[in-house]
Amino acid sequence: MAGNAVGLGNFLRFPVQAASNGGGSFMITYFIALLLLGIPLMWIEWGIGRHGGRYRKGHIPGMFAAIWKHPAAKYVGVVGMVIPLVVMIYYTYIESWTLAFMWFSLTGDYWGRATQPEMAAYLASFQGVGDPAAAVHFPWTPYLFFVVTLVINIWIISKGISGGIEKLARIGMPILFIFAAILAGVVLMLPAGPDGSTAATGLNFIYNPDMSRLGEPSVWLASAGQIFFTLSVGMGSLQAYASYLKRTDDIALNGIATAATNETAEVVLGGSIAIPAAVVFFGVSGAMAIAQSGSFNLGFATMPVVFQQLPFGQLLGAMWFGLLFFAGITSSVAMLTPIIAFFREEFGWQRETVCRWAGLVVFVFGLMHIAWLEHGFLDEWDYWGGTFGLVILAFLETVIFIWIFKPENAWRSIHEGADIRIPRVFKFVMTYITPVYLFIILTWWGWTDALPILRMERVTPGSENYVLLSRAIIVLFAIAFVVLIRVAWTRNGYDDRKGFVEVEQ
């Protein structure tokens, strides 16, 4: 579970969000969101997943139908099928960047490009969005690394939970933490930069609160959004994992332990590498500008510049991108789990068969992201699938598990086999505060972001048709899953009012 939670956002998105939203003020709102959203949603998703497992349902449509015996339940669960597929497709592409740059670090391919503009141009060239006349890569380079990354993912997924994903976590997570600890140690021991800034200055920049910003709604929304990214809640994969748990297995303590492991990776390690390093070499004002230019610029343009100034820079660069690769792949291998469960449980397909077809889908639509990156294809999917969609699924599952299933039943379900008693105040939090918090986020994002994005107000001229195509594909995915669910329910003779037959756990 911890491998699923720890991802690219821990080391790329978190420091940028913290630096851009008032530093310590962001951290205050971040930990409030963790207590009121993150941890309650962890328990809710583990509870939903284990309850679904009682009926041999490892996918969201089946889990919702097991809890809410209504014909609409299975179709509401379509959200939990579309989101992981959409995110898997573009996330694998981004993950392939980390593998590519790990290789470029080891070979010294970007060595000599020792300024921000030069590295930004290098990244753009790799992505195929820079000036063709200034290209430094063959056009097929991003396709090659995407295919290699996808093959690694599908091979691991095809080996199953215990034979593939758990083995990856046992190997990848220690490597991830070792690399992160070494890099954090190197950064914290850096001598003062040209303007006298040290790593301590960078940490102060991230964690010193600007209390005046606590009154800004954007800071609260940014911290809540980061909680979704960092814990992988609202994705559908935690529930799929939890469906394998027995009634006697603990989810109360394990939910907290997973969150704690993730926070260690994010706050302690993720906050001690990129931004402090940027402050040392570029000063506070330079680091602020870097943070505001986005996570990818920080990770793929700024950090390579930093490594070129350090002894053993190629090795440190390879460790940085290796860290990102392991963070990415331990998350991405979980994303297809709900879809694999659906086809295995409802249609009797073998895991290898589902993996082959799913891999083909990811390959075909991943190529579109590579070819049309500059037209906003990836940004569109990231918003509707990887941002707004996460909150929608989280809100739906909270309503179904807490309000429809009833708070007492949900509370009892979470405590089955529990190694600890959760403070009863969290029952009130999950029943009232968490859904209201989610509704506020949906409403605010819907007004400030979703409507302008829907109206294509921020789309580059000439990219409108690409954006419409990207949306049409997401809608087609949803329609396809609705049809498949209908076929599955008819094929298996399910009665929505009676529910499913419970199996031994």
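Laboratory data are not the source of any read-out in this text; all were calculated from the coordinates shown. Not measured: the values here are computed from a predicted model. Note that we place each Cβ from the backbone using ideal geometry, even for glycine, and neighbour counts take in every protein chain shown.
First check a/c for the range 117-221, with a ≥ b ≥ c the square roots of the eigenvalues of its C-alpha gyration tensor; if it is under 1.5, answer rounded, and if not, answer prolate when a/b is larger than b/c or oblate otherwise. Here the range 117-221 falls in the oblate category. Here are a few candidate values for Rg and Dmax of the Cα atoms in Å: (1) 33.7, 122; (2) 22.3, 71; (3) 55.5, 208. Which one was actually calculated from the structure I just gave you? Given (1) 33.7, 122; (2) 22.3, 71; (3) 55.5, 208, the calculated one carries the label (2).
Here is the list for the range 432-505: GluC sites (Glu not before Pro) lying in DSSP coil, each with at most 14 other C-beta atoms within 10 angstrom of its C-beta, are E457, E502, E504.
Run the numbers for V501 and W447: contour at 0.36 nm per residue of separation, minus the present Cα-Cα distance, in nm. It would help to have the intermediate numbers written out before the result.
Values: separation 54, 0.36 × 54 = 19.44 nm, distance 4.27 nm.
Value of the extension gain: 15.2 nm.
For the chain, the longest principal axis of the C-alpha atoms and the axis of helix 79-107 are separated by about 30°. Kindly identify the range 393-505 as rounded, prolate or oblate by the Cα gyration tensor criterion: order the square roots of the eigenvalues as a ≥ b ≥ c, call it rounded if a/c is under 1.5, otherwise compare a/b with b/c, prolate if a/b is larger, else oblate. Note, shape of the range 393-505 comes out oblate. Ranked by the mean number of other Cβ atoms within 10 Å of their residues, highest first, the peptides 139-146, 212-219, 256-263 come out as 256-263, 139-146, 212-219.
The range 280-349 and the range 353-417 have Cα centres lying 20 Å from one another.
Note on A478 and L454: their simple-model spin labels are 1.0 nm apart, each label 7 Å out from Cα toward Cβ.
Amide H contacts under 5 Å for G499: none, restricted to partners 5 or more places along the chain or on a different chain, H placed in the peptide plane at 1.01 Å from N. If you sort the three axes of the alpha carbon gyration tensor as a ≥ b ≥ c, you get a/c of 1.5 or more for the range 342-438 and a/b no higher than b/c, which makes it oblate.
Peptide packing: for 293-304, 357-368, the average count of neighbouring Cβ atoms within 10 Å per residue gives the ranking 293-304, 357-368, highest mean first. Relative to the Cα centre, the charge distribution of the range 185-257, modelled as +1 at Lys and Arg Cβ and -1 at Asp and Glu Cβ, gives a dipole magnitude of about 260 debye.
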